[in-house]
Amino acid sequence: MGFMDKPLDFQLSLKAIMMPRDMNNYGTIFGGVILSYIDQAGFIEARRHGIHRWVTASIDRVDFQAPVYVGDTVEFQTCLLRLGTTSIKACVRVMAERYQTGKVTMVTEAELTMVSVNAQGKPIAFDSPPSAMENGSEEDDS
């Protein structure tokens, strides 16, 4: 059974309006722009599980089911699939609300693995003390 076969509890992690700077020569939004937002939404989901430096270990296959257009409001909804010791696996669902009609369209879904790391880039248990401080300064992890 794949992650898309199970009932999942999604919550809003990120929302953005697509701008002309994000458009390709075909009049739609670059797939790479959507991938960047998927990565950011994965980080937001991971951050809910620990105040650490989170890095993307993998993004599984991303199949675009519908285009995104300039002016669309795009929601990146996430849910936790698996909680490990140093990593989480999350699902990111991408929905576009069409600017012209308000209709909501499923764009894609992706599965990400995010790993918590210390200042040297080594995986650390995310239930350990914070490795990134809220005020922008960071702990010395040596």
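The values are calculated or read from the model by the stated rules, or taken from the named source; none is laboratory data. Worth saying up front: this structure is predicted, and the values here are computed from it rather than measured. Because the Cβ atoms are built from the backbone with ideal geometry, glycine has one as well, and the counts that use them run over all protein chains shown.
Among the numbered conditions (1) more than 15 Å from the chain's Cα centre (by Cα); (2) part of a strand (DSSP E or B), the only one that residue 81 does not meet is (1).
Working carefully through the options 32, 42, 27, find the one that is modelled with pLDDT of 95 or more, exposed (fewer than 12 other Cβ atoms within 10 Å of the Cβ) and not aromatic (Phe, Trp, Tyr). Steps first, answer last, please.
Values: 42 fails: exposed (fewer than 12 other Cβ atoms within 10 Å of the Cβ); 27 fails: modelled with pLDDT of 95 or more.
None of the other options fit; the residue is 32.
For residue 63, the stated conditions hold: it is more than 30 Å from residue 131 (Cβ to Cβ) and part of a loop (DSSP other than H, G, I, E, B). Can you confirm whether residue 27 is over 21 Å from residue 11 (Cα atoms) and not β-branched (Val, Ile, Thr)? Spelling it out, residue 27 is indeed over 21 Å from residue 11 (Cα atoms) and not β-branched (Val, Ile, Thr). Residues of region 103-134 that are under 21 Å from the mean Cα position of the chain (by Cα), part of a loop (DSSP other than H, G, I, E, B) and not aliphatic (A, V, I, L, M): 118, 121, 126, 127, 130, 131, 134. Yes or no: region 67-86 includes at least one residue that is farther than 27 Å from residue 131 by Cβ, among the small types (Gly, Ala, Ser) and out of contact with any His (no Cβ under 7 Å at 6 or more places or on another chain). Yes, because at least one residue in region 67-86 is farther than 27 Å from residue 131 by Cβ, among the small types (Gly, Ala, Ser) and out of contact with any His (no Cβ under 7 Å at 6 or more places or on another chain). Filtering region 87-124 to residues that are surrounded by fewer than 16 Cβ atoms within 10 Å (Cβ to Cβ), without any contact (Cβ under 8 Å) to a residue 24 or more places away in the chain and not β-branched (Val, Ile, Thr) leaves 102, 103, 120, 122. Residue 21: free of Cβ contacts under 8 Å to residues at least 24 places away in the same chain and either farther than 18 Å from residue 107 by Cα or of a type outside the set (D, E, K, R) (or both), yes or no? So residue 21 passes the test.
Each residue in region 89-115 was checked for being modelled with pLDDT under 95 and more than 23 Å from residue 26 (Cβ to Cβ), and 0 of them qualify.
When region 24-62 is filtered for residues that are touching a residue at least 40 places away in the same chain (Cβ under 8 Å), of a type in the set (S, T, N, Q) and closer than 16 Å to residue 90 by Cβ, the ones remaining, listed by number, are 56, 58.
For residue 41, indicate whether it is of a type in the set (Gly, Ala, Ser) and outside any loop (DSSP other than H, G, I, E, B). So residue 41 passes the test. Scanning region 87-105 for residues that are out of contact with any strand residue (DSSP E or B) (no Cβ under 6 Å at 6 or more places or on another chain) and among the β-branched types (Val, Ile, Thr) returns a single hit, 101.
With the condition kept exactly as written, say whether any residue in region 19-28 is part of a strand (DSSP E or B) and over 11 Å from the mean Cα position of the chain (by Cα). Give the derivation first.
In the first step, residues of region 19-28 are kept if they are part of a strand (DSSP E or B); the result is 23, 28.
Then drop every residue that is not over 11 Å from the mean Cα position of the chain (by Cα), which leaves 23, 28.
Within region 19-28, one or more residues are part of a strand (DSSP E or B) and over 11 Å from the mean Cα position of the chain (by Cα).
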